[in-house]
Amino acid sequence: MDKILYINSCVREKSRTNELARYLLKKLNSDYKEIKLDEEDIKPMDSRLLKERDELRANKNYSNSMFKYANDFKDANIIVISSPYWDLSFSALLKIYFENINIGGLTFGYNEAGKPKTLCNIKKVYYVTTSGGYIISDDYGFGYVKAMFNTFFEVFDINYIKAEGLDIIGSDVDKIIEKAKMEIDNLF
Ligand SMILES: Cc1cc2nc3c(=O)[nH]c(=O)nc-3n(C[C@H](O)[C@H](O)[C@H](O)COP(=O)(O)O)c2cc1C
């Protein structure tokens with residue numbers, strides 16, 4: 001059975017993005033592991049952490065707790081990511097998560113031509129976002145996620161679910177969310 005990993009980077013209690021992601025997870029109709037980034041003690045790579053990480057990598061000591069996110073990621077076959085659209089992209093929490101799972105030697109390696117090759121077994125990705133206004137460029141948020149999965153993890157089945165314009169005065173929020181849910185229905 002496919003192992004599903006839900007990377008939840010929503011922070012608001014009544015997050016619309018999380019609501020859509022949960023609707024999607026219900027459709028997947030299977031158990032899943034959730035990482036709620038807001039409740040994790042996850043750190044960006046500063047000089048101290050990077051040094052420590054490089055030493056562990058040099059010794060191939062991947063059982064260290066520093067690699068717990070990367071090991072969960074490596075174990076997954078289906079990835080669901082939720083992030084609100086913040087500052088034309090996704091949240092910094094999610095970027096920090098990416099820093100913690102993109103580990104050369106553990107989650108990806110390089111072939112003889114120097115091109116990245118996956119060391120994971122991910123088949124499918126779902127990226128869910130919602131925005132207050134309209135998404136200016138898909139390249140900054142979803143585009144980044146797509147490029148990352150294409151390049152490091154050789155995943156090309158990447159689904160994009162978005163609901164836009166939720167904070168515009170006069171918007172029919174329920175209608176926009178229902179439409180996004182219908183788009184999710186159409187994926188199954
Ligand atoms: C810190 C922050 C930055 C935001 N940046 C943008 C933005 O650049 N463009 C936009 O359309 N909406 C922006 N928004 C609005 C959110 O994208 C919108 O409210 C979204 O639906 C929040 O998702 P949530 O309900 O899952 O928390 C921002 C909101 C916050 C709190």
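The values are calculated or read from the model by the stated rules, or taken from the named source; none is laboratory data. Nothing here was measured: the structure is a model prediction, and the numbers come from that model. Glycine gets a Cβ as well: all are built from the backbone with ideal geometry, and neighbour counts include every protein chain shown. With ligands, DNA and RNA removed, areas are computed over all heavy atoms of the protein, side chains included. Shrake-Rupley method; radii C 1.70, N 1.55, O 1.52, S 1.80 Å.
Things to note:
- Filter result for Lys36 (open to solvent by 70 Å² or more (accessible area, probe 1.4 Å) and either touching a Lys or Arg at 6+ places or on another chain (Cβ under 6 Å) or not aromatic (Phe, Trp, Tyr) (or both)): no
- Output for the stretch 123-164, where each listed residue is within 16 Å of the ligand (Cβ to nearest atom) and farther than 24 Å from Leu25 by Cβ: Gly133, Tyr134, Ile136, Ser137, Asp139, Tyr140
- Scope the stretch 60-91; condition open to solvent by less than 50 Å² (accessible area, probe 1.4 Å) and either within 16 Å of the ligand (Cβ to nearest atom) or in contact with a Ser or Thr (Cβ under 7 Å, 6 or more places away or on another chain) (or both); matching residues: Ala70, Phe73, Val80, Ile81, Ser82, Ser83, Pro84, Tyr85, Ser89, Phe90, Ser91
- Options Lys175, Lys124: the member that is under 14 Å from Arg16 (Cα atoms) and open to solvent by 40 Å² or more (accessible area, probe 1.4 Å): Lys175
- The set of residues in the stretch 1-59 being free of Cβ contacts under 8 Å to residues at least 60 places away in the same chain, within 16 Å of the ligand (Cβ to nearest atom) and in contact with a helix residue (DSSP H, G or I) (Cβ under 8 Å, 6 or more places away or on another chain) consists of Asp38 alone.
- Selected residue (criterion: farthest from Asp174 (Cα to Cα)) from residues of the stretch 1-60 that are small (Gly, Ala, Ser), in a helix (DSSP H, G or I) and over 15 Å from the mean Cα position of the chain (by Cα): Ala58
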